[in-house]
Amino acid sequence: MFQIIHETVEYLKRKTEDFQPEIGIVLGTGLGGLVSEIEVKHQLMYSNIPNFPISTLEFHSGKLIFGILNGKRVVAMQGRLHYYEGYSMQQITFPIRVMKALGIAHLFVSNAAGSLNKDFKKGDLMVINDHINLQPESPLRGRNDSDMGPRFPDMSQPYQRSLVKQALEIAKENEITCHQGVYIAVTGPNLETKAEYNYLRIIGGDAVGMSTVPEVIVANHMGIPVFAISVLTDEGFTEVLQPVSLEEIIETARIAEPKMTKILSQLISTL
Ligand code: HPA
């Protein structure tokens with residue numbers, strides 16, 4: 001693995017004239033708009049980067065963007081990789097390993113998620129303060145490379161508490177409805193049945209989605225502090241469950257996106 005990461009990192013350093021990002025960003029479904037706030041220095045298609053998995057989703061554009069956001073050097077993934085696309089957990093999290101090797105000291109992650117909490121409405125934001133992993137596998141399964149991180153990484157604080165607190169303060173100052181809560185990761189790609197939403201709520205979830213947790217586990221493995229935020233695109237707690245389509249999820253994410261962008265970019269400037 002080390003050799004493969006090294007090859008990709010060498011390529012990226014060459015292509016970006018040794019641009020050294022301080023912060024890594026992973027943008028979720030319908031949430032690529034933060035990129036318009038970035039003063040782009042270099043951008044590369046995943047398909048041109050050696051060893052990079054290629055996003056199979058047409059609504060995920062699949063670009064790695066290097067630039068300046070609010071005075072900070074960032075590398076952003078516009079288009080993430082999901083387990084349901086058929087990749088291994090190691091492939092999904094490979095870009096996080098690469099970002100770490102490029103020098104990031106923080107990871108910011110966004111996603112679209114379904115709300116399980118009746119007080120958290122469609123279009124609201126939720127800062128993730130903990131998670132439950134219901135995906136079938138950990139990205140750390142297999143031989144551990146102790147140069148990257150420990151065999152049994154601690155997960156007592158997977159999301160940095162000070163960033164959660166600061167993000168909620170920024171939201172309040174800007175009159176943005178932003179909750180905090182527990183994110184449950186499922187495999188997808190099907191959405192949940194009414195009984196499944198109910199179960200996810202009972203076991204302690206506030207939101208459910210198909211991503212984020214693999215990246216967060218790998219970041220924790222390597223000791224990178226994480227901040228993650230969900231845009232709640234549908235409601236899984238209603239008496240009569242409404243059908244939800246991908247188009248609606250993307251549309252709700254698009255409408256809520258400027259609020260998330262505001263929080264992320266202000267939070268980044270405080271680092
Ligand atoms: N369930 C799972 N993933 C999702 C949802 C949902 O309701 N909404 C957006 N991503």
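The values are calculated or read from the model by the stated rules, or taken from the named source; none is laboratory data. In this text the structure is predicted, and so the values were computed from the model without any measurement. Heads up, the Cβs are rebuilt from the backbone with ideal geometry, glycines too, and the neighbour counts pull from every protein chain shown. Surface accessibility is based on the protein's heavy atoms, side chains included, excluding ligands, DNA and RNA. Shrake-Rupley method; radii C 1.70, N 1.55, O 1.52, S 1.80 Å.
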What full-extension length gain, to one decimal in nm, is calculated for ILE68 and GLU247 as 0.36 nm per residue of separation minus the Cα-Cα distance?
61.4 nm
Segment THR177-ILE202, extension gain: residue separation times 0.36 nm, minus the distance between their alpha carbons
6.6 nm
Largest first and to the nearest Å, give the Cα extent of the stretch 1-147 along each principal axis.
49, 39, 29
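So if I take the alpha carbon set of the stretch 154-258, get Rg, then get Rh from the Kirkwood formula, what is the Rg over Rh ratio? Intermediate values should be presented prior to the final figure.
Details: Rg = 15.0 Å, Rh = 15.4 Å.
Checking Rg against Rh, the ratio lands at 0.97.
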Which residues does the label zone of LYS165 cover in the stretch 179-211, counting backbone N under 17 Å from a point 7 Å along Cα→Cβ?
180-181
Given Cβ point charges of +1 (Lys, Arg) and -1 (Asp, Glu) and nothing else, what value in debye, to the nearest 20, does the dipole of the stretch 2-269 about its Cα centre take?
540
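Please give the per residue accessible area of the chain, computed with a probe of 1.4 Å over protein heavy atoms only, in Å².
Values: 11960 Å² over 271 residues.
Averaged over the residues of the chain, the accessible area is 44 Å².
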Pop out the carbon and sulfur fraction of the accessible area of the chain as a percent, whole number, probe 1.4 Å.
50
Taking 8 Å as the Cα distance limit and 6 or more residues as the minimum spacing, I'd like the relative contact order of the chain as a percentage.
26
Point-charge dipole on Cβ atoms (K/R +1, D/E -1) for the stretch 46-154, about Cα centre, debye to 20:
220
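For a Förster distance of 35 Å, can you work out the FRET efficiency between the beta-carbons of ASP145 and ILE54, rounded to the nearest 0.05?
Values: r = 24 Å, r/R0 = 0.70.
Step by step, r from the Cβ atoms, then E = 0.90.
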Treating only the Cα positions of the stretch 2-269 as identical point scatterers, give the base-10 log of I(q)/I(0) from the Debye formula at each q in 0.10, 0.11 Å⁻¹.
-0.46, -0.56
Tell me which of GLN43, GLN3, ALA171 sits at the most positive position along the dipole axis of the chain, charges placed on C-beta atoms (Lys, Arg +1; Asp, Glu -1).
GLN3
Between the stretch 85-103 and the stretch 8-46, how many Å separate their Cα centres?
14
Relative compactness, the stretch 78-157, computed as alpha-carbon Rg over 2.2 N^0.38 Å:
1.30
Length gain on complete extension for the stretch VAL240 to LYS194, per 0.36 nm per residue less the alpha carbon to alpha carbon distance?
15.7 nm
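Largest first and in whole Å, what are the equivalent-ellipsoid semi-axes of the stretch 201-271 based on the Cα gyration tensor, each being the root of 5 times an eigenvalue? Before the final figure, lay out the partial values.
Details: eigenvalues 135, 67, 23 Å².
Semi-axis lengths for the stretch 201-271 are 26, 18, 11 Å.
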